[in-house]
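This report refers to the structure that appears directly beneath it.
No value in this document is a laboratory result; all are computed from the given coordinates. Please read these numbers as outputs of a predicted model, since none were measured by experiment. Positions of Cβ are backbone-derived with ideal geometry, glycine not excepted, and every protein chain shown enters the neighbour counts.
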Amino acid sequence: MEEEIIRELLDTRDFYKIMENNNLYKYQLLDFMRDGIYNREYNLDNKEIGILKEIYQDKSHMLKIGNEAVLFISDTHYDYSSFDKQDMNRWDFLYYVLDFCKNNKIHYLIHGGDIGDGTIELNGLKQPVNFTDGSYELAKEQVNNILDKYPSIPYVHQSFLGGNHDERYLDYGIDILKEFADKKDIYPLGYLQAFISIDGVSISLEHENHPFLIECRNLISHDLTIHGHSHIALFQDNDVYIPALGGFLNHKNEKGGEPGFLVMYPYKEKDLVKLEFEHFYLRDDTFVKEANPYVYKLKK
């Protein structure tokens, strides 16, 4: 089926019509295309791969946001506490963030990955959900529990990138991104990497600290990468790292390692776009703003 879809795309180049005809989300069709470009799964010749690359470059941006603020969260690892006495989920952090969006008129929220934790208890030990056969029902129960508790809010456009923990459900045919898109109307960005555009600036959103593992990142020119996965707020030359919002695996003794979130404000400055990041972190059960914002000036 996937090869038939790719062949149809090569014949017609009608990306969105093929999505509609095959009932696909955009991230799914882009994933098929990456398989054709990099994994040679469809026995394509070099000319056909070149055409796929052209279409991918044209359609790759999953989200295009204008001159508006965006709130970034990551690594909530929900349902972690299913097998622990201490509640590590901290749904209250998410509710705080959504209220923050409402009170500050922020209409975009992006999750940088690891929505769920993807672990289950087997023989008294916590294991990845795909560690052994026979755990489908537990995996499905976990995803359903996350879906039941996760709010969809009409005043906030939520977009999710799937992380490495979210990928564990795929081994059982459970696509947590599709589940959220179908049931909560939350926009799926795909797994591990997605390109987004902020006020005309191309950004790679990644849930991976090893860029060489993300094959497509060099297909699209971008000047900034925003990372989940590291569980720490960090600002480097061309990289922004989102802290973990959940109570799981925080590095509380390190600067930036507390539970937190980032708010990004874009500003136009001549031929540049200035992206100003505010870092909010947990201190004495209250989120406080770091004194100085971090600023990136990027060409459009």
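I'd like to compare 173-179, 255-261, 99-105, 161-167: which one has the highest average count of other Cβ atoms within 10 Å, and what's the full order after that?
Values: 173-179: 18.9, 255-261: 20.4, 99-105: 12.9, 161-167: 24.7.
By packing density, highest mean first, the sequence is 161-167, 255-261, 173-179, 99-105.
Give me 169, 294 sorted ascending by neighbouring Cβ count inside 10 Å, so fewest comes first. Could you put the intermediate results ahead of the total?
Working: 169 23, 294 17.
Sorted ascending by nearby Cβ count, the order is 294, 169.
Pop the C-beta distance of residue 45 and residue 170 into the FRET formula with R0 = 35 Å and round what comes out to the nearest 0.05.
Working: r = 30 Å, r/R0 = 0.85.
Rounded to the nearest 0.05, the efficiency is 0.75.
At a 10 Å Cβ-Cβ cut-off, how would you order 264, 1, fewest neighbours first?
Values: 264 24, 1 7.
Result, fewest neighbours first: 1, 264.
Ranked highest first by the average count of other Cβ atoms within 10 Å around their residues, in what order do 181-189, 119-127, 71-79 fall?
Values: 181-189: 17.6, 119-127: 14.0, 71-79: 26.0.
Result, highest mean first: 71-79, 181-189, 119-127.
What is the chain's relative contact order, in percent, from Cα pairs under 8 angstrom and six or more apart in sequence? Provide the component values of the computation, followed by the final result.
Working: 593 pairs, mean separation 51.4, N = 300.
Computed over the chain, the figure is 17 percent.
Need the full-extension length gain, residue 68 to residue 140, defined as separation in residues times 0.36 nm minus the C-alpha distance. One decimal, nm. List each step's numbers first, then the result.
Details: separation 72, 0.36 × 72 = 25.92 nm, distance 3.62 nm.
Gain on stretching residue 68 to residue 140: 22.3 nm.
Pop a pseudo-label 7 angstrom from the Cα along the beta-carbon direction at both residue 107 and residue 254 and give the gap in nm to one decimal.
3.7
Mind checking the full-extension length gain between residue 38 and residue 183? Use 0.36 nm per residue of separation minus the Cα-Cα distance, one decimal, nm. Before the final figure, lay out each step's value.
Numbers: separation 145, 0.36 × 145 = 52.20 nm, distance 3.19 nm.
Extra length from residue 38 to residue 183 when fully extended: 49.0 nm.
Pop a pseudo-label 7 angstrom from the Cα along the beta-carbon direction at both residue 267 and residue 295 and give the gap in nm to one decimal.
For the pair residue 267/residue 295, the computed spacing is 0.6 nm.
Would you give the gap between the C-alpha center of the range 141-180 and the C-alpha center of the range 1-70, rounded to a whole Å?
Centre-to-centre distance over Cα atoms comes out at 23 Å.
³J(HN,Hα) across the range 255-268 via Karplus (A = 6.51, B = -1.76, C = 1.60, θ = phi - 60°), whole Hz, x for Gly/Pro?
4, x, x, 6, x, x, 7, 10, 10, 10, 10, x, 9, 8
Past 24 Å, Cα to Cα, is the threshold; run 149/178; 102/140; 64/270; 183/289; 64/102 against it and keep the listed order.
Cα-Cα > 24 Å for 102/140; 183/289; rest within.
Multiply the residue separation of residue 22 and residue 8 by 0.36 nm, subtract the distance between their alpha-carbon atoms, and state the gained length in nm to one decimal. Write down the numbers at each step before the final one.
Working: separation 14, 0.36 × 14 = 5.04 nm, distance 1.09 nm.
Length gained, residue 22 through residue 8: 3.9 nm.
Would you mind ranking 242, 110, 18, 220 by Cβ crowding within 10 Å, fewest neighbours first? Walk me through the numbers on the way to the answer.
Numbers: 242 29, 110 26, 18 18, 220 15.
Fewest to most other Cβ atoms nearby, the residues stand as 220, 18, 110, 242.
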